Structures are given as C-alpha cells and as structure tokens.
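Please read the structure below before turning to the comments.
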C-alpha cells in the first residue's frame, strides 16, 4: 500500500513594517497540556453494580473516591452514546445522545415511577460481565413504563425541568427521539430500509408517523433527560473530588444513526436513495491483508465547509458538555481519509482523499477557544498528519505495548516521549498488559525486560511505573492493569464482531484497589510529579 506523501508546510507570516513574509512557524491553535498528571481508563459500563452493567450510581461515586485516594486526576471513558448491534460505543445511534443503559433505575423506584420488584430481573444478571442483549430486553421497557408514570404524575426529580431540557436539546433530541421510535416501529431495521415516508427526518415529519409514535418518541426523550441529569450529578461529584473526565469522540458516525438520517446532505449519500456511495475504513497493512471495512458514511466536507462546520462545532460542544477533555479517535482522518467505493467486500480498493485539515480546527478554536483535545494519532502516519497535529498543538498518544517490537528507534519507547503527549500501557483496543506479555514474541518480552530492568513477574506494574516516569505529561492506565488481570479481562478485540465490551470490575476488585494500591499510586504520583 502506498500512502500519500506530503511535504511539511511552514507558516508564512508578516509583521508590521516588514517588507517580506518570514518563515517563522505559527503558534499552535491549542496548548493546554501543561501539567503532569495520571489518569485511569475505564468505561462506565465496566463499573461494579447489580443492574446488569455499571450505571451512574453510588458505585460510580465510589470509584471516584478511589481515584481521589490514589492521586489520579483524570478518568477516561469511551463514547457515551446509545449502542446497537455489537454493543460498541464507537458505533452509536447518535453522536449527541447518551446511552440509556447507563441510567440508574434506583432513583426511579424512590420517586414511585417503578416498583422495587421491577429491578429483580436485572439483579439476577452476571456481576462480572455485561449481557447487553438481556439488558436491552429488560431495561428499555422499564424506562418506557417510568416515562408513562412520570407524565401522568409529574413528580419532582433531581434533574431539573423536563420541558426545559427538551427545549435546550431540541436541535438533536427531536430527530433522535423520532428516529428511535421509528426504529422500534420497523422492528429494529436500519433507516436505509424504511419505507419512503420515513426516508429522512424532514420527510417523516410530513407523514402521519410522528403522531402515531408520539408516546414512543416521548419515552426516548425522557430517557435522555434521565441520562443527562444523572451524568451531571456524576460530573459534579467528580469536580468536588478534583477529578476531570476525558471523553471520547469517534471521527465518524454510524450509518444507522439519527445523525445520518436527519442530516443526509452532510454525508456522502446518493441524493435519490440516500444510501452511501462510499464508506470509511483503512487500507491493507502489516496487520490486515484486506484492510478494515468500517462501513461508516463519509462526510461531504464541502457541505460542512459551506456552513462554517456548524454541525461539527455543535458536536464538539456537546462532547464538552459531558467531559472536561475530549479525545478524538482516528485523528489522521482530518488530514486524509481512506474512501472505499461501494459495493466492496473489503478495504483493498480505495483512495486517499483530503480531509478538512487545519481549517476545521481553526473553526473549533474560534467557537471553543478553551477546548482541551487529545489526538488519537496511532498507526502508520504520514508527515502531513504529524504536521497537522503539531500545528493544532494537540497532544498525541504513545502505547507501550507497541514499543518493544523493534529496536531503540521505536517511536513508542518512553525515551522518545515528548511532554505534549499521553502515554498508555494499552488502550481499550489492546489486550491487558499481562495478556499482551503472555502472548508477545520472545523478542518483545526480552526487550521489555531489558529496557525496564525487570524480570517480568509484575509486568503490569512495570508498565505502570514506566508510564508514570515518562516525559509524557499525562499517563493513563487501564483499570485492568491496576488489577494485574490477564487476557480474560480484555475489553475489545478490533475486527471481532461480537463478545466485546463485556468485562466488568467486581465490587471485590474495587475493594482491593482501596487496600494498599491507592497509597502506592499516590506515592508514585508524588515521586514522578503527577
């Protein structure tokens, strides 16, 4: 595969009274990562609890207590959107909505909207793994029932005024609620398979469907009210403890999403059928002979440019309403992206197309000048991608599990780390550190032992200490590594369509983190100025 080449560009600026431009590089658009700190990576679904998955309840607050005790200042999560088939938080029904599975139902029992017995089936689900299919079957009907009770009685809930919430979020909530109601009505099929009267949001509004599905759409809007109210309570609890949240924003949206259904002109879709003309992915590489065919619709970047990137600005604004820092996944797609024409069985056939580049991030800075963004810049990158990240001033990422496959020139080794970066032993897409070590080549294991001057018996903690000691100002550790868990605790395996995202931390494991681990981590934070 031949990747596009690009020569580094220098900014040409003028100064008052100068007769000719200079070659001085422009100041970066953003420059926020100035202090050293440590963070933990854990998606909320993996929290302990007795409602099928982790929810926004007392266990989440207790996790914040552990972070505070350990001197950890950041909690990084995966995207919070509503998930569908495969349960991936990176393929959501909306780029703006929250996942109703995360709602804590206990306050609804307290408010009289549900009975305590309604939660019994959820409490019988496994505590050490998430069963999303059972959760979908059991929980969503309870949320609908709670909505009906709420509309009938209008009890005071600690999440603010419901009507005001709907007005504040109407720009995306109206379309999302109707989209979810229609999806239920059409037996879960993708909107691309719906009849003509529902082919897009504007068309559906002119049909009898909104009136017919009013109650169903209301239930989905009410679930969003609950999610955002409970999430705000968790954010307030984090703020009191000095903890900041790192959110995650996938560059692409799912084809089967309210975003594509409500805004077809912003995506590369056939104007007549509204089906994608081409989709996103990555070309063949060392790891995959066929590349990766993601299937996400591509952006019609000229249409976004014509609006001053208004949709993207609102998307980023919404992300910062949920988190203090936002990691943007697949940052390289803003420089160039792999366009795969349809039909396609794999990602071999495609071409690199230019993304919006620096222009988009200038729009971000104008709208959100204090935005704190992390660029996911992993993989085989061209010089132009590195230049774009540098011009933006965004911290990039290093992954220690990628560091030991070559020699001392490997860019992921800690001695190559620059301060404006975030270092991880592994991410949600990697095995745990212990799982990696058990399956790594002997060269990698030997290199890691010699480099870190360890015997490998406590490899997870060796990686944690190396991350804390690195020059990267932010070190983020997956919770599984703090527990020294093996491959059985892996959260996601890319390319595996099912069985991901299921690992959960148990209450006993969280208890163990309070007993000694917190004190040691606080000492590490002091030792390495984190």
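The values are calculated or read from the model by the stated rules, or taken from the named source; none is laboratory data. Just so it is clear, the model here is predicted, and its values are computed rather than measured. All Cβ positions, even for glycine, are placed from backbone atoms using ideal geometry, and neighbour counts span all protein chains on display.
Quick check on region 68-84. Is at least one of its residues modelled with pLDDT of 95 or more, under 30 Å from residue 525 (Cβ atoms), outside the structural domain of residue 253 (by TED's automatic domain parsing) and surrounded by fewer than 18 Cβ atoms within 10 Å (Cβ to Cβ)? No, every residue in region 68-84 fails to be modelled with pLDDT of 95 or more, under 30 Å from residue 525 (Cβ atoms), outside the structural domain of residue 253 (by TED's automatic domain parsing) and surrounded by fewer than 18 Cβ atoms within 10 Å (Cβ to Cβ). Considering region 474-530 alone, what residues qualify as being touching a residue at least 12 places away in the same chain (Cβ under 8 Å) and at positive phi? Of everything in region 474-530, those that are touching a residue at least 12 places away in the same chain (Cβ under 8 Å) and at positive phi turn out to be 484, 495, 501, 529.
Considering (1) under 30 Å from residue 334 (Cα atoms); (2) surrounded by fewer than 22 Cβ atoms within 10 Å (Cβ to Cβ); (3) touching a residue at least 40 places away in the same chain (Cβ under 8 Å), the lone condition that residue 218 does not fulfil carries the number (1). Using the structure shown, decide if residue 231 is farther than 30 Å from residue 65 by Cβ, assigned to a helix (DSSP H, G or I) and in the same structural domain as residue 91 (by TED's automatic domain parsing). No, not satisfied.
Considering 151, 102, 114, the condition of being under 19 Å from residue 501 (Cα atoms) and modelled with pLDDT of 95 or more is satisfied by 102 alone. Selection of region 156-169 for residues being loosely packed, with under 12 Cβ neighbours inside 10 Å and either at pLDDT below 95 or within 24 Å of the chain's Cα centre (by Cα) (or both) yields only 156. Restrict the check to region 277-284 and report whether at least one residue is surrounded by fewer than 21 Cβ atoms within 10 Å (Cβ to Cβ) and assigned to a strand (DSSP E or B). Within region 277-284 (the criterion being surrounded by fewer than 21 Cβ atoms within 10 Å (Cβ to Cβ) and assigned to a strand (DSSP E or B)), the answer is yes, since at least one residue qualifies. Among strands (runs of 3 or more DSSP E) entirely within region 285-376, having at least 1 residues that are loosely packed, with under 15 Cβ neighbours inside 10 Å singles out 336-341, 351-354. Across region 414-473, the qualifying residues are those that are part of a helix (DSSP H, G or I), in contact (Cβ under 8 Å) with a residue 60 or more places away in the chain and out of contact with any strand residue (DSSP E or B) (no Cβ under 6 Å at 6 or more places or on another chain), and the one among them that is farthest from residue 34 (Cα to Cα) is 463. Is one or more of the residues making up region 285-298 in contact with a helix residue (DSSP H, G or I) (Cβ under 8 Å, 6 or more places away or on another chain) and either under 25 Å from residue 174 (Cβ atoms) or modelled with pLDDT of 95 or more (or both)? Yes, region 285-298 has at least one match. Per the conditions (1) more than 19 Å from the chain's Cα centre (by Cα); (2) more than 25 Å from residue 277 (Cβ to Cβ), the sole criterion not satisfied by residue 346 is (2). When region 104-131 is examined, which residues are found to be closer than 23 Å to residue 184 by Cβ and surrounded by fewer than 19 Cβ atoms within 10 Å (Cβ to Cβ)? Within region 104-131, 118, 121, 125, 131 qualify. Picking from residues in region 38-71 that are touching a helix residue (DSSP H, G or I) at 6+ places or on another chain (Cβ under 8 Å) and in a strand (DSSP E or B), the one that is farthest from residue 506 (Cα to Cα) is 38.
Looking only at region 100-119, decide whether some residue is without any contact (Cβ under 8 Å) to a residue 60 or more places away in the chain, on the phi < 0 side of the Ramachandran plot and touching a strand residue (DSSP E or B) at 6+ places or on another chain (Cβ under 9 Å). Yes, region 100-119 contains a residue that is without any contact (Cβ under 8 Å) to a residue 60 or more places away in the chain, on the phi < 0 side of the Ramachandran plot and touching a strand residue (DSSP E or B) at 6+ places or on another chain (Cβ under 9 Å). Of the residues in region 132-155, how many are out of contact with any helix residue (DSSP H, G or I) (no Cβ under 9 Å at 6 or more places or on another chain) and buried (at least 16 other Cβ atoms within 10 Å of the Cβ)? Qualifying residue count, region 132-155: 0.
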